[in-house]
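Working notes, beginning with the structure itself.
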Amino acid sequence: MFKPAIIGVSSSCNPPQSSPDKGRLGGVDACGGNKSMASFMLLGALLTGCSLTPDYQRPEAPVAAQWSQSAQADGARRAATLEWHAYFPDPRLQALIAAALDHNRDMRIAVAQVEEARAQFGIVRADRFPGVDAAASGTSARVPGDLSASGNAITSRRYDVGLSMLSFELDFWGRVKSLNQAALASYLASEEAQRALRLSLIADVANAYLTLLEMDERTALAHETLKTRAEIRMMVGHRRDVGLVGDLDFLSADGALETARADLASLERQRAAAGSALVLLVGQQPAGLPPARSLSSQGIVPDLDAGLPAEVLLKRPDVLAAEQNLIAANANIGAARAAFLPRISLTAGLGVASSALSGLFDSGSSAWNFQPVLRLPLFDAGRAAAATDLAEVRKVIAVAQYEKSIQQAFREVADLLAARTYLASQLQAQQAAEQAQSERLVLAEARYKAGISSYLEVLDAQRESYAAQQGVLQTRRAWLSAAAQLYKALGGEGKGLED
């Protein structure tokens, strides 16, 4: 089996016997001067070592320079400087968001992951500095007489106290520096990922809260509809008993009543699911919350300015996290390339030594050692080459992921800008339709009571009016949810009162 060669580098100096102080560590003779010079040269190599890391260049954003015509980008406020409690004025929603930021388990994991990345960066960063240990040791050894040169058993003792530096690598090729840069970028990526999760959590809590409000209002409407249809069924039953209407009207009223009851059960189920989703996001069962506002009283105004894609998208936390991962992948290439080159490490020690504990601190008991080691890889079965290929492929992947994150962000913002415009128009039309259907129902009921029309006309008007009312609630919630998601998509500030 072939192994990389290990070449020991050592030097010696034999000073004149008349100069007992020369030749020691820190001496002033020619040999000591050369050692000091060598130390300064090695330190210079450490501080000014070259780097094999490719120059980082941010890839061009693979998206259009302008938003599409369907996306109305103008607005009065910038999401990046707008705090979430100012964008969501409902006190109940503010309390829910604040609780979620404190208790949501995904948020806790993200915070811990940032601390994990910070600690990992600290470990890698420490490799750029020499580690110095204080050590004390004692050694006793006995050599049998048949193994000693004198033929007598020999017992030897040695005691050492001092400072030691073990295998400190001189980062001449920038390997440790590249690893340090990669760890720093990974740490910054985790911070941006936490910020992205924070914004997503704010928007998701708002969406879950709005969905629960929608289900509350739709359930209340279904209760009123069920009550009304039960009254109508009773009225139609009395009219049938006196011969004013036939079985067809009674059966129609009875079917409408049961349909309303089934619709109410479905809405109750959806309302329970919406409540559970909100509790999961908040992380605990909300208690002591302020009174809730209705959907129409939320006060969310999505007057956000989208600016230009390049200005907004590149500042989004998820895009910034992807870029930091790309920077880390780029730095890892430099570390992989440095594996082909010689590696110099230093081991040194300074202290006192003696054959007896009582003589450790006597004059002349000082001891030191200095051992530079040069390792030059000769054969590793292609390990270094494969590691470099791996680092370069991972950079290609990181570039693609970065570009994909920009494209996804562009689509998300464009869709939400369009939704902001078209859902507002849809809501306006839906409200007009609701008003028209309500008036139609009043006329149909009056005509039926006057005996001018059949109950089928009333039943059809009831269905259309109920559907229009439910449609208004659904569209209003969709518009408000789009406004909440737009705040996140444009990289909202994410800070609030608790910060």
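Since every read-out is calculated from the coordinates, none of them should be taken as a lab result. Because the structure is a prediction, the values reported are computed rather than measured. All Cβ positions, even for glycine, are placed from backbone atoms using ideal geometry, and neighbour counts span all protein chains on display.
Put +1 on the Cβ of each Lys and Arg and -1 on the Cβ of each Asp and Glu in the chain; which of PRO286, GLY246, PRO302 then has its Cα farthest toward the positive end of the dipole? Going by the charge dipole, the pick is PRO286.
For the stretch 128-177, averaging the sequence separation of C-alpha pairs within contact (under 8 Å, six or more residues apart) and dividing by the residue count gives a relative contact order of 45 percent. The mean sequence distance of close C-alpha pairs (under 8 Å, at least 6 residues apart), as a share of the length of the chain, puts its relative contact order at 29 percent.
What is the distance in Å between the Cα centres of the stretch 229-292 and the stretch 394-448? Cα centroid to Cα centroid, the span is 27 Å. Remark on the chain: ratio of C-alpha radius of gyration to 2.2 N^0.38 Å is 1.67.
How big is the Kirkwood radius of the stretch 332-380, worked out from every pair of different alpha carbons and given in Å to one decimal? Answer for the stretch 332-380: a Kirkwood hydrodynamic radius of 14.1 Å.
Short-range pairs are left out: with C-alpha atoms under 8 Å and at least six residues apart, the relative contact order of the stretch 423-499 is 40 percent. The angle between the Cα long axis of helix 383-449 and the longest principal axis of the Cα atoms of the chain comes to about 20 degrees, rounded to the nearest 10. In terms of its Cα atoms, the stretch 67-124 spans 49, 33, 19 Å along the principal axes, sorted from long to short. Structural size metrics of the stretch 106-177, computed from C-alpha coordinates, are Rg and Dmax of 23.7, 74 Å. Each residue of the stretch 298-308 was assigned a 3J(HN,Hα) from its phi angle through the Karplus expression (A = 6.51, B = -1.76, C = 1.60, θ = phi - 60°), giving 5, x, 6, 10, x, 8, 9, 8, 7, x, 9 Hz with x at Gly and Pro. Each residue of the stretch 226-232 was assigned a 3J(HN,Hα) from its phi angle through the Karplus expression (A = 6.51, B = -1.76, C = 1.60, θ = phi - 60°), giving 4, 4, 5, 6, 5, 5, 5 Hz with x at Gly and Pro. Pairs of Lys residues in the chain, spaced 8 or more positions apart or belonging to different chains, with C-alpha separations under 23 angstrom: 9 in total.
Relative to the compact globular guide of 2.2 N^0.38 Å, what is the alpha carbon radius of gyration of the stretch 365-499, as a ratio?
The value comes to 2.39.
A simple charge model with +1 on the Cβ of Lys and Arg, -1 on the Cβ of Asp and Glu and nothing else charged puts the dipole of the stretch 167-319 at about 200 debye relative to its Cα centre. Put a plus charge on the Cβ of each Lys and Arg, a minus charge on the Cβ of each Asp and Glu, and nothing anywhere else: the dipole of the stretch 281-341 about its Cα centre is then about 200 debye.
Dipole magnitude for the chain: about 1380 debye, using +1 per Lys or Arg Cβ and -1 per Asp or Glu Cβ, origin at the Cα centre.
Quick check of the Kirkwood formula: for the stretch 175-308, what is the inverse mean of 1/r over all pairs of different Cα atoms, in Å?
19.9
Whole-Hz Karplus values for the stretch 346-351 come out as 10, 10, 8, x, 9, x Hz, taken residue by residue from phi with 6.51 cos²θ - 1.76 cosθ + 1.60 and θ = phi - 60°; glycine and proline positions read x. For the stretch 130-253, the residue among LEU201, VAL236, LEU184 whose Cα projects farthest onto the positive side of the dipole built from Cβ charges is LEU184.
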